[in-house]
Amino acid sequence: MVLLLAGCKISYSFNAGALDYNIYKTISIADFPNNAELVNPTLAQTFSEELRDKYTRQTKLSILKEGGDMHLEGEIVGYQLQAMAISADSYASETKLTLTINVRFTDMKNPANDMEDKRYSASQLFDSNRMLADVEPELISIMVKEIVDKIYNDTVAKW
């Protein structure tokens, strides 16, 4: 019985659980240009770097600009403000900032996993008495992390 138990091994992985590193060695992640009507000048670089960082931290894949076993590309298609809650004096008391990213994922080893033009969105509310410039860096960070997590989960983690 001891020999039987010693030979058994149970393993759990919460990082890139669906990846077979014998098959997948690289992922190419293109820069995501900002094609939204309202443009934050640092958003494209912030998003692209956060996406690369996620795959670097959570997988053993080598990150390439092009030609990987898997390939991610897309663009920022929405960055907009919308008045939400109306206060007693008929002015907006809250504003919603929404970020939308269009993603294409190509799996060179298994085309059944490909995704074409999948949209990911995240929103954050902030007090309308505050200037967007004051809250924007924090809100962008939160939204980018949320979208990057969703993309990661849909492409390699398969949650």
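Computed values, structure above
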quantity	calculated
Residue 141 being of a type in the set (Gly, Ala, Ser) and outside any strand (DSSP E or B)	yes
Test: residue 31 is more than 17 Å from residue 157 (Cα to Cα), free of Cβ contacts under 8 Å to residues at least 24 places away in the same chain, surrounded by 12 or more Cβ atoms within 10 Å (Cβ to Cβ) and among the acidic types (Asp, Glu)	yes
Unique match (being among the polar types (S, T, N, Q), crowded, with 16+ Cβ neighbours inside 10 Å, closer than 18 Å to residue 47 by Cβ and touching a strand residue (DSSP E or B) at 6+ places or on another chain (Cβ under 6 Å)) among 100, 95	100
Residue list for region 55-94, filter: β-branched (Val, Ile, Thr) and modelled with pLDDT of 95 or more	56, 59, 63, 76, 77
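Yes/no matrix, rows are residues, columns are (1) in contact with a Gly (Cβ under 6 Å, 6 or more places away or on another chain); (2) at pLDDT 95 or above:
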{"residue": "4", "(1), (2)": "no, no"}
{"residue": "15", "(1), (2)": "no, no"}
{"residue": "19", "(1), (2)": "no, no"}
{"residue": "24", "(1), (2)": "no, yes"}
{"residue": "27", "(1), (2)": "yes, yes"}
{"residue": "31", "(1), (2)": "no, yes"}
{"residue": "35", "(1), (2)": "no, yes"}
{"residue": "38", "(1), (2)": "no, no"}
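The values are calculated or read from the model by the stated rules, or taken from the named source; none is laboratory data. Remember, predicted model here, so these are calculated numbers, not experimental data. As a convention, Cβ positions derive from the backbone with ideal geometry for all residues, glycine included, and neighbour counts pool all protein chains shown.
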